[in-house]
Amino acid sequence: MARGQRQVVPNSTGAEPPKLAAPDNAADCHIHIYDPRFSKPGERPGPANATVSDYRLLQKRIGVSRVVIVQPRNYGTDCSATVDAIAQLGGAARGVGVLKPDVTDAELRKLDAGGIRGIRFTLGDPSTAVVSIDMVEPLSKRIAPFGWHVQLHVPPDQLVAHADMIRRLPSSIVIDHMGRLPQPAGVEHPAYKLICELIDKGRTWVKLAAPLDAQTDYSAATAIAQAWIAAAPERLVWGSNWPHPSETVKPDDAVCFDLLSTWAPDAAMRHRILVTNPEKLYGFGAGHKG
């Protein structure tokens with residue numbers, strides 16, 4: 001078991017390690033890296049102090065050793081910063097990029113060699129979105145031969161509205177941030193039933209990341225996380241969402257990690273979520289399977 005250490009971390013409240021010891025090879029499956037070396041004029045600024053060296057401090061604090069770097073919208077479809085971060089972290093890192101359908105086959109091969117294992121669609125606000133819903137299916141067809149997945153960061157109503165298209169996708173699917181199920185509906189929202197249906201088909205995963213009631217008692221997030229764990233523990237991965245780009249008050253990452261003790265009290269279940277499932281989804285320690 002990997003014991004965390006007391007460590008001040010940029011973009012994280014507190015310094016104490018979690019009470020929960022991370023299992024060996026635990027994976028943080030959702031972070032963002034913002035590296036000023038890759039900034040461009042006029043680009044929307046990202047959080048300060050969110051480089052690979054900064055993230056290593058969080059790894060030291062909570063005890064995780066593997067990581068999945070998700071491309072932030074700031075870089076558009078230029079995945080250079082994400083691929084560079086993967087290279088810095090070596091075999092313990094994978095990435096999720098952002099692409100459009102005009103990406104070439106040569107570029108897909110290059111990104112695959114650089115550790116990219118999926119592409120993300122953040123579609124909540126069309127005014128800031130880099131991609132659009134009509135790009136999901138054609139890109140899913142392009143990436144399926146690589147064993148990559150489509151990661152959907154989509155409001156639940158929009159997910160339901162495009163259910164038929166999502167059911168057709170040939171690639172694996174990852175649902176971001178526990179499905180963003182709203183309160184008070186929670187698991188009564190139609191998106192929960194749809195995601196469960198997709199999971200039952202054997203190609204869909206859910207990220208236990210970014211609880212919506214941050215800075216509170218996390219009760220709403222706990223109810224939703226426990227519902228996912230009861231429904232499909234074999235299809236869940238966990239992520240810190242560091243550096244918490246949408247949060248003006250940063251959460252305590254040790255507290256967030258310790259939520260797993262409540263969400264999944266059984267150590268074998270936590271090992272599945274933190275180690276076994278990420279190995280299967282992202283190919284840590286082996287050839288990736290998608």
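The values are calculated or read from the model by the stated rules, or taken from the named source; none is laboratory data. Since this is a predicted model, take the numbers as computed values, not measurements. Heads up, the Cβs are rebuilt from the backbone with ideal geometry, glycines too, and the neighbour counts pull from every protein chain shown. All accessible areas refer to the heavy atoms of the entire protein, side chains included, with ligands and DNA or RNA removed. Shrake-Rupley method; radii C 1.70, N 1.55, O 1.52, S 1.80 Å.
What ranking do 191-203, 72-84 get when scored by the average of other Cβ atoms within 10 Å per residue, highest first? Before the final figure, lay out the partial values.
On the way: 191-203: 17.4, 72-84: 20.0.
So the order, starting with the most tightly packed, is 72-84, 191-203.
Taking θ as phi - 60°, what are the ³J(HN,Hα) couplings along segment 36-46 by the Karplus curve (6.51, -1.76, 1.60), each to the nearest whole Hz, with x for Gly and Pro?
Here the 3J(HN,Hα) series is x, 5, 10, 6, 10, x, x, 6, 4, x, x Hz.
Considering only Cα-Cα distances, which of the following residue pairs are longer than 26 Å: Lys19/Lys201; Lys141/Lys280; Lys60/Lys110; Lys193/Lys280; Lys110/Lys193; Lys110/Lys280?
Working: Lys19/Lys201 36 Å; Lys141/Lys280 21 Å; Lys60/Lys110 31 Å; Lys193/Lys280 24 Å; Lys110/Lys193 37 Å; Lys110/Lys280 22 Å.
Among Lys19/Lys201; Lys141/Lys280; Lys60/Lys110; Lys193/Lys280; Lys110/Lys193; Lys110/Lys280, the Cα-Cα distance tops 26 Å for Lys19/Lys201; Lys60/Lys110; Lys110/Lys193.
I'd like the carbon and sulfur percentage of the solvent accessible area for the chain, probe radius 1.4 Å, heavy atoms only, ligands and nucleic acids excluded. Walk me through the numbers before you get to the answer.
Values: 6250 of 11880 Å².
Roughly 53 percent of what the probe reaches on the chain is carbon or sulfur.
Please list log₁₀ I(q)/I(0) at q = 0.16, 0.18, 0.20 Å⁻¹ for segment 4-72, using the Debye equation with identical point scatterers on the alpha-carbon positions.
Evaluating at q = 0.16, 0.18, 0.20 Å⁻¹ gives log10 I(q)/I(0) of -0.58, -0.71, -0.84.
Using the C-alpha atoms of the chain, what convex hull volume per residue, in cubic angstrom, is computed?
Details: hull volume 35.1 nm³, N = 290.
Spread over its residues, the Cα hull of the chain gives 121 Å³ apiece.
Quick one: which of 138-147, 151-160, 25-34 comes out on top by average Cβ neighbours within 10 Å, and what's the full order, highest first?
Details: 138-147: 17.4, 151-160: 19.4, 25-34: 25.4.
Ranking, from highest mean packing down: 25-34, 151-160, 138-147.
Would you kindly state how much longer the chain becomes between Ser132 and Asp258 on full extension, computed as 0.36 nm times their sequence separation minus their alpha carbon distance, in nm to one decimal? Spell out each step's value before the answer.
Details: separation 126, 0.36 × 126 = 45.36 nm, distance 3.55 nm.
So the chain would gain 41.8 nm between Ser132 and Asp258.
May I ask you to compute the full-extension gain from Lys141 to Thr77, defined as 0.36 nm times their residue separation minus their alpha-carbon distance, rounded to one decimal in nm?
On the way: separation 64, 0.36 × 64 = 23.04 nm, distance 1.80 nm.
Here the segment from Lys141 to Thr77 would lengthen by 21.2 nm.
With a probe of 1.4 Å, find how much accessible area segment 182-290 has per residue, and write the answer as a whole number in Å². Mind showing how you got there, number by number?
Working: 4510 Å² over 109 residues.
Averaged over the residues of segment 182-290, the accessible area is 41 Å².
Picking from Arg61, Arg109, Arg235, which is most flexible by a Gaussian network model of the chain using Cα springs under 10 Å?
Arg109
Where the centre of each part is set by its Cα atoms, how far does segment 252-278 sit from segment 1-49, in angstrom?
Spelled out, the Cα-based centre of one part sits 17 Å from the other.
Hey, what's segment 1-148 come to in accessible area per residue, 1.4 Å probe, Å²? Working shown, then result.
Working: 6350 Å² over 148 residues.
Ligands and nucleic acids excluded, the figure is 43 Å² per residue.
Non-local amide H neighbours of Gly63 (under 5 Å, H modeled in plane, Pro and chain starts lacking H): which ones?
Gln5
Of the beta bridges DSSP finds with both residues in the chain, what % are antiparallel, to the nearest 5? Numbers along the way, then the final one.
Details: 2 of 27 bridges.
Once the DSSP bridges in the chain are tallied, antiparallel ones form about 5 percent.
How high is the FRET efficiency between Gln5 and Ser219 when r is their beta carbon distance and R₀ equals 35 Å, given to the nearest 0.05?
Numbers: r = 29 Å, r/R0 = 0.84.
Computed FRET efficiency for Gln5 and Ser219 comes out at 0.75.
Counting other C-beta atoms within 10 Å, and keeping those with at most 13, which DSSP coil trypsin sites (Lys or Arg not before Pro) do you find in segment 239-290? Walk me through the numbers on the way to the answer.
Values: sites: Arg270, Arg272, Lys280, Lys289; in loops: Lys289.
Those satisfying the criteria are Lys289.
In sequence order, what are the phi-derived ³J(HN,Hα) couplings for segment 88-96 according to the Karplus relation 6.51 cos²θ - 1.76 cosθ + 1.60 with θ = phi - 60°, rounded to whole Hz, with x for glycine and proline?
5, 8, x, x, 8, 10, 9, x, 10
Quick one: what are the phi-derived ³J(HN,Hα) couplings along segment 146-153, Karplus 6.51/-1.76/1.60 with θ = phi - 60°, whole Hz, x for glycine and proline?
3J(HN,Hα) across segment 146-153, in whole Hz: 8, x, 7, 10, 9, 9, 9, 9.
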